[in-house]
1. Among the residues of the range 103-145, what is the count of those that are in contact with a strand residue (DSSP E or B) (Cβ under 7 Å, 6 or more places away or on another chain) and either within 19 Å of Ser49 (Cα to Cα) or not small (Gly, Ala, Ser) (or both)?
2. Just to be sure I understand the filter: pairs with C-beta atoms under 8 Å, separated by 6 or more residues or on different chains, first member in the range 125-148 and under 17 Å from Ser170 (Cα atoms) and among the small types (Gly, Ala, Ser), second member open to solvent by 60 Å² or more (accessible area, probe 1.4 Å) and modelled with pLDDT of 85 or more. Which pairs pass?
3. Within the range 102-124, count every residue that is of a type in the set (Val, Ile, Thr) and exposed (fewer than 12 other Cβ atoms within 10 Å of the Cβ).
4. I'd like the residue in the range 106-132 that is hydrophobic (A, V, I, L, M, F, W, C) and assigned to a loop (DSSP other than H, G, I, E, B) and, out of all such residues, is nearest to Pro86 (Cα to Cα).
5. Any residue that is modelled with pLDDT of 95 or more, open to solvent by 60 Å² or more (accessible area, probe 1.4 Å) and among the charged types (D, E, K, R) - is there at least one of those in the range 136-151?
6. Need pairs with beta-carbon distance below 6 Å; first residue closer than 16 Å to Pro39 by Cα and open to solvent by less than 60 Å² (accessible area, probe 1.4 Å) and within the range 73-96, second part of a strand (DSSP E or B) and of a type in the set (Lys, Arg); sequence gap 6+ or separate chains.
7. Just the residues that are of a type in the set (Gly, Ala, Ser), part of a loop (DSSP other than H, G, I, E, B) and either within 24 Å of Gly121 (Cα to Cα) or more than 20 Å from the chain's Cα centre (by Cα) (or both), please, taken from the range 133-176.
8. Given the criteria without any contact (Cβ under 8 Å) to a residue 60 or more places away in the chain, in contact with a Leu (Cβ under 6 Å, 6 or more places away or on another chain) and of a type outside the set (A, V, I, L, M, F, W, C), does Asp117 qualify?
Amino acid sequence: MRKKVLFISILLPLFFGSCAMMQSIIKSTFPYTATVLIPQSSAVGAEQSVIAEATSFDQDFKKDGNNGEKVSEVRIVSAKLQSKDPTDFNIGNLAMVKIYMSNADGKDEVLVASRTDITPGVGNSIVLDIDNSSFLDQRVREPQIRIRVVYRLRNRIDVSPSLHLILGLSAYPNPD
């Protein structure tokens, strides 16, 4: 009987501690993604912005879910922008891009990624420079995340391209 109690007393903390660990692994595995449409009518050389909603495969990690408090120190670790439609759209048509993340109402906006030196012939995919100086804990606990993409066109475009944004996050188990 003593062995059983000892065994259970060792396993319970491991089990409950693993919930936070598991949530941090899940959050660090599944990125947030958003699709933005750059209007063909955008002016060349002027900063413009478009807004999209970001989603993640792990939708339990939100304020209304039961796992949001299990992780902390959420930061951006990677950002990539790629052409979705048409797939061969040259992202080099953009001279610069900045990615902001905020609550659904646009409040508490923070810069999470940017690229101010996009080369003209970059192709249909580009890795962005991340800004991980801010914790994103509260933002990713919200049911919806708003992404604002600020861009400046280098050249006039003949289509309204759809660009796919992929934001990789890192999260740690919440010690509380």
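The values are calculated or read from the model by the stated rules, or taken from the named source; none is laboratory data. From a predicted model like this one, the values you see are computed outputs, not experimental measurements. Cβ placement follows ideal geometry from the backbone for every residue including glycine, while neighbour counts extend to all protein chains displayed. Accessible surface is based on the protein model in full, side chains and every heavy atom, while ligands, DNA and RNA are left aside. Shrake-Rupley method; radii C 1.70, N 1.55, O 1.52, S 1.80 Å.
1. Counting residues in the range 103-145 that are in contact with a strand residue (DSSP E or B) (Cβ under 7 Å, 6 or more places away or on another chain) and either within 19 Å of Ser49 (Cα to Cα) or not small (Gly, Ala, Ser) (or both) gives 29.
2. Filtered contacts from the range 125-148: Ser134/Arg75.
3. So the count comes out to 1.
4. Val122
5. no
6. Ala95/Arg152; Met96/Arg152
7. Of everything in the range 133-176, just one residue is of a type in the set (Gly, Ala, Ser), part of a loop (DSSP other than H, G, I, E, B) and either within 24 Å of Gly121 (Cα to Cα) or more than 20 Å from the chain's Cα centre (by Cα) (or both), namely Ser160.
8. Numbers: without any contact (Cβ under 8 Å) to a residue 60 or more places away in the chain: yes; in contact with a Leu (Cβ under 6 Å, 6 or more places away or on another chain): no; of a type outside the set (A, V, I, L, M, F, W, C): yes.
No; evaluated as a whole, the condition is false for this residue.
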